[in-house]
1. Please go through region 1-33 and give me each residue that is assigned to a loop (DSSP other than H, G, I, E, B) and of a type outside the set (A, V, I, L, M, F, W, C), ordered by number.
2. Residues of region 25-82 being acidic (D, E) and within 30 Å of K5 (Cα to Cα), which ones?
3. Anything in region 5-16 that is touching a Phe, Trp or Tyr at 6+ places or on another chain (Cβ under 8 Å) and not polar (S, T, N, Q)? List them, or say none.
4. Among what's in region 25-39 and is loosely packed, with under 13 Cβ neighbours inside 10 Å and among the hydrophobic types (A, V, I, L, M, F, W, C), pick the residue that is modelled with the highest pLDDT.
5. I'd like to know if region 37-47 contains one or more residues that are touching a strand residue (DSSP E or B) at 6+ places or on another chain (Cβ under 6 Å) and of a type in the set (V, I, T).
Amino acid sequence: MTNNKRKATCLLCRVEEMVPKDHIRESNGVEYWTCEVCAKEHREKLRTYKMVFMDRGIKGTALLENVPQEEIGNVISELINVYKGVLLSITEIKEQEEKGKVLH
């Protein structure tokens, strides 16, 4: 019987666990894995997106605020299937931390 598990470190919280080899992903030659707790937290996190689309020949832009990641699929599906639109781009807008400067 072969051992189908490998030691892996969670990409987000750095916890180490023995996980099945098929749960480890690879991107640009780097292997990664995300634990269930971090994956759920990441999936449920509310995000803001800028969506550029074409609907009946008219270009439009929408700002989608506080949307969970899973809901984006529904928005895109509705644009394409219901409105017969075309998705041109979608970008997650990340909050930039402003660091205050102390002036003396």
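The values are calculated or read from the model by the stated rules, or taken from the named source; none is laboratory data. Note that the coordinates shown come from a computational prediction; the quantities given were computed from them, not determined experimentally. In this analysis, Cβ positions are derived from the backbone assuming ideal geometry, glycine residues included, and neighbour counts consider all displayed protein chains.
1. Step one: list which residues in region 1-33 are assigned to a loop (DSSP other than H, G, I, E, B), which gives 1-4, 11-15, 24, 28-29.
Across region 1-33, the qualifying residues are T2, N3, N4, R14, N28, G29.
2. Scanning region 25-82 gives E26, E31, E36, E41, E44, E70.
3. Those that are touching a Phe, Trp or Tyr at 6+ places or on another chain (Cβ under 8 Å) and not polar (S, T, N, Q): A8, C10, L11.
4. The selected residue is V37.
5. no
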